[in-house]
Amino acid sequence: MNGQTLVPLDQLLGAVGQEVGVSDWILIDQARIDAFAACTEDDQFIHIDPIRAADTPFGGTIAHGFLTMSLLSQMSYQATPLIEGVAMGLNYGFDKLRFLQPVKSGSRVRGRFKLMSAEDKGGGRWLIKHEVTVEVEGSDKPALIAEWLGMQILG
């Protein structure tokens with residue numbers, strides 16, 4: 001399942017409150033920003049027009065907040081463990097999501113995951129909550145923080 005580490009349930013439960021992984025760095029270049037703008041039809045100039053964006057307080061184009069958020073899936077595949085016997089995982093949403101600073105074109109980001117809880121929902125379903133911080137390389141301030149929910153379904 002995307003190369004994620006499989007761990008016994010008791011090991012996952014023992015990791016509640018701890019950092020469980022950090023993803024690789026991901027480049028947010030203008031080509032990625034432009035592709036995201038095209039597929040979401042969000043073509044605001046601060047994302048796709050380097051000349052106009054240069055005259056803003058950002059000094060250049062920035063990634064869409066939702067682009068940064070959408071990379072959480074890839075980051076999670078690299079950084080978070082799954083319960084042994086998992087048949088599938090589902091995105092269950094967010095309890096909290098905040099965009100704290102823009103990601104400038106050409107920056108690299110990565111996700112840092114802390115396991116907040118693992119709740120037995122019955123029927124082989126486990127609701128997993130991670131606190132995730134998306135770091136911007138070279139910056140002390142993260143791009144976003146979130147409390148992200150995922151459902152792991154054992155099969």
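The values are calculated or read from the model by the stated rules, or taken from the named source; none is laboratory data. Since the model is a prediction, treat every value here as computed from it, not as a measurement. Using ideal geometry, Cβ is built from the backbone for each residue, glycine included, and neighbour counts are taken over all protein chains shown. Ligands, DNA and RNA are excluded from the accessible area calculation, which covers all protein heavy atoms including side chains. Shrake-Rupley method; radii C 1.70, N 1.55, O 1.52, S 1.80 Å.
So L12 clears everything in (1) buried (at least 16 other Cβ atoms within 10 Å of the Cβ); (2) in a strand (DSSP E or B) except one condition, right? Which one?
So L12 meets the others, but not (2).
With the structure loaded, tell me whether I33 is open to solvent by less than 50 Å² (accessible area, probe 1.4 Å), under 18 Å from the mean Cα position of the chain (by Cα) and not acidic (D, E) or whether it fails that test. Break it down stepwise before answering.
Working: open to solvent by less than 50 Å² (accessible area, probe 1.4 Å): yes; under 18 Å from the mean Cα position of the chain (by Cα): yes; not acidic (D, E): yes.
It is true that I33 is open to solvent by less than 50 Å² (accessible area, probe 1.4 Å), under 18 Å from the mean Cα position of the chain (by Cα) and not acidic (D, E).
Conditions first: (1) within 22 Å of A146 (Cβ to Cβ); (2) among the hydrophobic types (A, V, I, L, M, F, W, C); (3) free of Cβ contacts under 8 Å to residues at least 60 places away in the same chain. F45 passes all but one, so which condition is the exception?
For F45, the exception is condition (1).
Please specify each residue of region 96-119 satisfying the condition of being open to solvent by less than 70 Å² (accessible area, probe 1.4 Å), over 17 Å from the mean Cα position of the chain (by Cα) and either modelled with pLDDT under 95 or not polar (S, T, N, Q) (or both).
G106, A118
Yes or no: G65 modelled with pLDDT of 95 or more, within 16 Å of A146 (Cα to Cα) and surrounded by 14 or more Cβ atoms within 10 Å (Cβ to Cβ)? Break it down into steps so the answer makes sense when it comes.
Working: modelled with pLDDT of 95 or more: yes; within 16 Å of A146 (Cα to Cα): yes; surrounded by 14 or more Cβ atoms within 10 Å (Cβ to Cβ): yes.
Yes, satisfied.
Quick check: anything in region 98-105 touching a residue at least 40 places away in the same chain (Cβ under 8 Å) and within 24 Å of A15 (Cα to Cα)? If you could, list the steps in order and put the result at the bottom.
Filtering region 98-105 for residues touching a residue at least 40 places away in the same chain (Cβ under 8 Å) gives 98-105.
Remaining after also requiring within 24 Å of A15 (Cα to Cα): none.
No - not one qualifying residue is present in region 98-105.
Quick check on my filter: what residues within region 120-152 are on the phi > 0 side of the Ramachandran plot, loosely packed, with under 14 Cβ neighbours inside 10 Å and not in a strand (DSSP E or B)?
Taking region 120-152 as the starting set, the residues that turn out to be on the phi > 0 side of the Ramachandran plot are 122-124, 138.
Filter once more, so that each one left must be loosely packed, with under 14 Cβ neighbours inside 10 Å: 122-123, 138.
Matches in region 120-152: G123, G138.
Confirm whether A79 is in contact with a strand residue (DSSP E or B) (Cβ under 8 Å, 6 or more places away or on another chain), surrounded by 17 or more Cβ atoms within 10 Å (Cβ to Cβ), among the small types (G, A, S) and more than 23 Å from G14 (Cβ to Cβ). Explain how you work it out, then say what you get.
Details: in contact with a strand residue (DSSP E or B) (Cβ under 8 Å, 6 or more places away or on another chain): yes; surrounded by 17 or more Cβ atoms within 10 Å (Cβ to Cβ): yes; among the small types (G, A, S): yes; more than 23 Å from G14 (Cβ to Cβ): no.
In short, no.
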